[in-house]
1. For segment 302-315, which positions are surrounded by fewer than 20 Cβ atoms within 10 Å (Cβ to Cβ) and over 17 Å from residue 391 (Cβ atoms)?
2. In segment 461-473, what count of residues is obtained for those that are surrounded by fewer than 21 Cβ atoms within 10 Å (Cβ to Cβ) and at pLDDT 95 or above?
3. Only one of (1) buried (at least 18 other Cβ atoms within 10 Å of the Cβ); (2) in a loop (DSSP other than H, G, I, E, B); (3) modelled with pLDDT of 85 or more is not met by residue 73, so which one is it?
4. Return the residue satisfying two criteria in turn: it lies in segment 662-675 and is surrounded by fewer than 17 Cβ atoms within 10 Å (Cβ to Cβ) and at pLDDT below 95, and of such residues it is farthest from residue 625 (Cα to Cα).
5. Which condition breaks for residue 548 when tested against (1) at pLDDT below 90; (2) buried (at least 20 other Cβ atoms within 10 Å of the Cβ); (3) touching a helix residue (DSSP H, G or I) at 6+ places or on another chain (Cβ under 7 Å)?
6. Of the conditions (1) over 29 Å from residue 240 (Cβ atoms); (2) under 25 Å from the mean Cα position of the chain (by Cα); (3) modelled with pLDDT of 55 or more, residue 628 fails just one. Which one is it?
7. State all residues of segment 694-715 that are surrounded by 17 or more Cβ atoms within 10 Å (Cβ to Cβ) and either more than 29 Å from the chain's Cα centre (by Cα) or assigned to a loop (DSSP other than H, G, I, E, B) (or both); if no residue qualifies, say none.
């Protein structure tokens, strides 16, 4: 009777966001995290954080409070108990001792196990490291497959060195000004090798210097943060990248009338394996001194950085200052400039790029720092600031084309920009108070010099529970590309943290041994009229989830999501797509591909999900099934007076019959618009993965995917290949 009651009761409760993530994070490896995104269990932002934690690791013996709080399922109360235990014992030798000391529960330890590390007290070898080689291929691909290689070595003298090499095939060569054409031109699309990560670090006790690539973030992420962490504080080395689960279109060229198409566009519906995506981080030098003891429990921390980095930009995020004075104008002269593709046999060219990210198109000089003072353990005050100047070095001064950023771009136009902010933290028993206020500065044409923002986060963390309240205000002049605070899942003129007044309340906890609850309610409104809507437009997001954990063999879960964009209007058929990129999903490398999970919607949607995990034989055999049903507004005329209904069903089986072999079989049936098979996707995706683990620290995985398109859309009938046969090889080793 107990499981029946559990399942029925779960229909009315439960999800969180942030360090207590929106779903139970049951992930043993990257594939599990990718699957959670595909199922819609977690956002891409959450996945980025979890993937970075998984790849970088969190050392239980050295990680500060903020890094430990990023671990899934850990509250501030748990973190503080772990820090106290670590201080009293001196060193954690085995994570299992945390359960025996009642610092964490066994369930919590299992949840964080894939992300934690324990640095040995004494290194057995003067050198340790890790390597990874990854490649994919789709049957019928006419170009060489993408590849990625990442390496990190830790050696004597407290030095760490790392690098990442990745191929690029589907982005054009960096465009430059062509004096013959008197415009921007590129050599087109070529297979090439890039090095997005290269760094050398020296770290000794509380002192640290990094030369090369790095990320940095502080406070509530309102003034400066380009990490993927939930609660960043300091400098981070990162090997982050994204691996698309979908194919990408091969033809990325528009052809002028009368010109012959390039070879890759002779079959417009041809699709190929997507490239690996990396983002442009800071590149230069960064240094820090942390927790400098001033006596009487007082301490001081200082951080500084200087970066000169080449950055990519989406071609439609540009305008030409030579012919346009105001990018907000609807004049055709203010549209993005043409990017011609040069052909050796015809210098005048009839080809141009479309929906392309232009790699290294501009350079950025940035510098800044952070200082925080702790008068006691319970208090901390911080000051953060940075300044940045973009340079379009690909175009000489005085050229016929003078590129700058559109109002919809991530970066402000007009030249230099920056921000300065104050943050504070106080710990009062189980209550944690966090506050940050910030002022941005820019020279953007329509922004009047910058704006203000403020965010306040309060968490109450008694044993076994956590309640969090986030209050935020971002005015319509706040334009900071390095702000990443919590905000609604929409965008206003290139920024998520802009033109927003809102409050989020979330809860996570266990009322008994068998019940785990999560709930989030987020309400926000637009203080000012802008592209995102009229002033006063109210929005609501509700996430609820409950998990029944009363049995070892079977665990049922149910959760529900409600998104209501513009609470004052409930009429069907009036929503609209608000982004060019969102209308071109087949172009995987879009401008927001690695800059956050932005949901472009003016529509309502509701989604209910049910999941059952069944472990009859432990790690020898685990079975899972998940099904979801969605009601959503749609821009199609077929849904002017009703919701569109989508269905997804997942089945999964994993097995590790012996220590050196791990097997996984996963299948997904997707049906979008179940009453309109000629309008949306119907597909069946199945893959099988086998991983060989010859010894500890080494894993070689091979995977085969079969993607079958079932709908009758015209685009599907023309699509090549169909069905899709994909292959993946992933080698990881550490010593």
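The values are calculated or read from the model by the stated rules, or taken from the named source; none is laboratory data. Quantities reported herein were computed from a predicted structural model and do not represent experimental measurements. Cβ atoms come from the backbone with ideal geometry, glycine included; neighbour counts cover every protein chain shown.
1. Correct list: 302, 304.
2. 3
3. Failing condition for residue 73: (3).
4. The selected residue is 675.
5. The number of the failed condition is (1).
6. Residue 628 satisfies every listed condition except (1).
7. The one that is surrounded by 17 or more Cβ atoms within 10 Å (Cβ to Cβ) and either more than 29 Å from the chain's Cα centre (by Cα) or assigned to a loop (DSSP other than H, G, I, E, B) (or both): 711.
Quick grid of which residues meet (1) touching a strand residue (DSSP E or B) at 6+ places or on another chain (Cβ under 8 Å); (2) part of a strand (DSSP E or B); (3) surrounded by 20 or more Cβ atoms within 10 Å (Cβ to Cβ):
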| residue | (1), (2), (3) |
| --- | --- |
| 330 | no, no, no |
| 370 | yes, yes, yes |
| 375 | yes, yes, no |
| 387 | yes, yes, no |
| 390 | yes, yes, yes |
| 404 | yes, yes, yes |
| 407 | no, no, yes |
| 415 | yes, no, no |
| 423 | yes, yes, yes |
